[in-house]
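Step one of this worksheet: look at the structure below.
The values are calculated or read from the model by the stated rules, or taken from the named source; none is laboratory data. Predicted model only: the values in this text are computed from it and were never measured. Note that each Cβ is placed from the backbone with ideal geometry, even for glycine, and that neighbours are counted across all protein chains shown. Note: areas computed on protein heavy atoms with side chains; ligands, DNA, RNA excluded. Shrake-Rupley method; radii C 1.70, N 1.55, O 1.52, S 1.80 Å.
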Amino acid sequence: MSEFLDILKHYDVLGAFWVNIQLTFWGALLALVIGTVLAVMRISPLSSLRWAGATYVNIVRNTPLTVIMTFLVLAVWTQLKISLAHDFALNFFLFAVVGLGVYHAAFVCEAIRSGVNTVPAGQAEAARAIGLPFLAAARIVVLPQAFRGAVAPLGNTLIALLKNSTVAVAASVATESSGAMKTMIEFRPDYLWPIFLTFAVGFVVLVIPIGLATTGLSRRLAVTR
C-alpha cells in the first residue's frame, strides 16, 4: 500500500485532476457565452439567425469531440499555423478549452432553450407591449427566467463537460487525468486495477457534488406556475 501511495505522489495524480478542473471551468465559461448567444439566435424573430443557430447546434452536437480536438491541433495549429499562446503547453491547453467550449455550447444552447419554453408566452408579449426590442426583452425578461428553468440540464451539461475534459489528451494535453493514467499503467502495469480505481473514484468525487448542487439549486429556483 505504501508503495502505491508513493507511485501516486510520483505521478502527481492530484495535479492531473486539477488540470481537468481547470479545463472544465474555462470550457464551461466559454460554452455558456457561446451557448447563450446561440439560444438567443434560435428564439430570434429573424429566420436567418434561427437557421444559423440550428445549423451550428445540429452540426457540432453530432460531431465527436475527439474530431474537434484533433482538427484544432492538426488543422488549425499544424496547417494554418495559428497559435493561442507562445508557451507550448499553454497553447495546447487553450486549444482544449476552445474545443470543449465550442462543443458543449451546442448542449448549453439546447438547455437554455428548454428553459425558455418554461417561460409563459405572456411574459415576452408584455415586454413587447411596453416597447422593449427583442434583445432587451430577451436579456431583461426571458433569459433570467429561462436560466432558472434550465439549471438541471445545465448541470448535466457541466457533468458531461467534466468527464469529456479527458478528451483533451487528443489536443496534446498529456498532464490531465487520462494522460496520467495511461502513463501510469504503461510503466506500472503491476498496479493496473488500483490505478484504474483511483481515477474512477476521483471522477466520482468530482461529479457527485455537482449533481447534488445543481439538483438543490434547481429545486430552490423552481417557480410555481
Scan of the stretch 40-77 for residues that are within 20 Å of Ile159 (Cα to Cα), in contact with a helix residue (DSSP H, G or I) (Cβ under 6 Å, 6 or more places away or on another chain) and open to solvent by less than 50 Å² (accessible area, probe 1.4 Å), ordered by number: Val57, Val60, Leu65, Ile68, Met69
Looking only at the stretch 199-225, and only at residues there that are part of a loop (DSSP other than H, G, I, E, B) and not aliphatic (A, V, I, L, M), the one that is nearest to Ile21 (Cα to Cα): Thr224
Residues (β-branched (Val, Ile, Thr) and either open to solvent by less than 40 Å² (accessible area, probe 1.4 Å) or closer than 15 Å to Leu5 by Cα (or both)) located in the stretch 202-225: Val207, Ile210, Thr214
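Does Gly15 fit the bill of being of a type outside the set (Ser, Thr, Tyr) and more than 22 Å from Ser165 (Cα to Cα)?
Here the answer is no, as Gly15 does not meet what is asked.
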Flag for Val73 being part of a helix (DSSP H, G or I) and either free of Cβ contacts under 8 Å to residues at least 40 places away in the same chain or more than 17 Å from the chain's Cα centre (by Cα) (or both): yes
Residues of the stretch 23-67 classified as under 24 Å from Val142 (Cα atoms) and charged (D, E, K, R), total: 2
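Evaluate the stretch 93-109: report whether one residue or more is closer than 18 Å to Pro144 by Cβ and touching a residue at least 60 places away in the same chain (Cβ under 8 Å). Explain how you work it out, then say what you get.
Of all residues in the stretch 93-109, those closer than 18 Å to Pro144 by Cβ come to 108-109.
This time we only want the ones that are touching a residue at least 60 places away in the same chain (Cβ under 8 Å), so: 108-109.
Checked against the condition, which is being closer than 18 Å to Pro144 by Cβ and touching a residue at least 60 places away in the same chain (Cβ under 8 Å), the stretch 93-109 yields at least one hit.
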Subset of the stretch 9-25 that is part of a helix (DSSP H, G or I) and either of a type in the set (Lys, Arg) or surrounded by fewer than 17 Cβ atoms within 10 Å (Cβ to Cβ) (or both) - its residue that is nearest to the chain's Cα centre (by Cα): Phe25
Odd one out for Gly35 among (1) within 20 Å of the chain's Cα centre (by Cα); (2) more than 22 Å from Phe147 (Cα to Cα); (3) of a type in the set (Gly, Ala, Ser): (2)
The stretch 32-49, residues that are polar (S, T, N, Q) and touching a residue at least 12 places away in the same chain (Cβ under 8 Å): Thr36, Ser44
Counted residues, the stretch 185-218 - those being farther than 13 Å from Val13 by Cα and within 22 Å of the chain's Cα centre (by Cα): 15
Among residues of the stretch 38-67, those that are under 19 Å from the mean Cα position of the chain (by Cα) and not in a helix (DSSP H, G or I), counted: 3
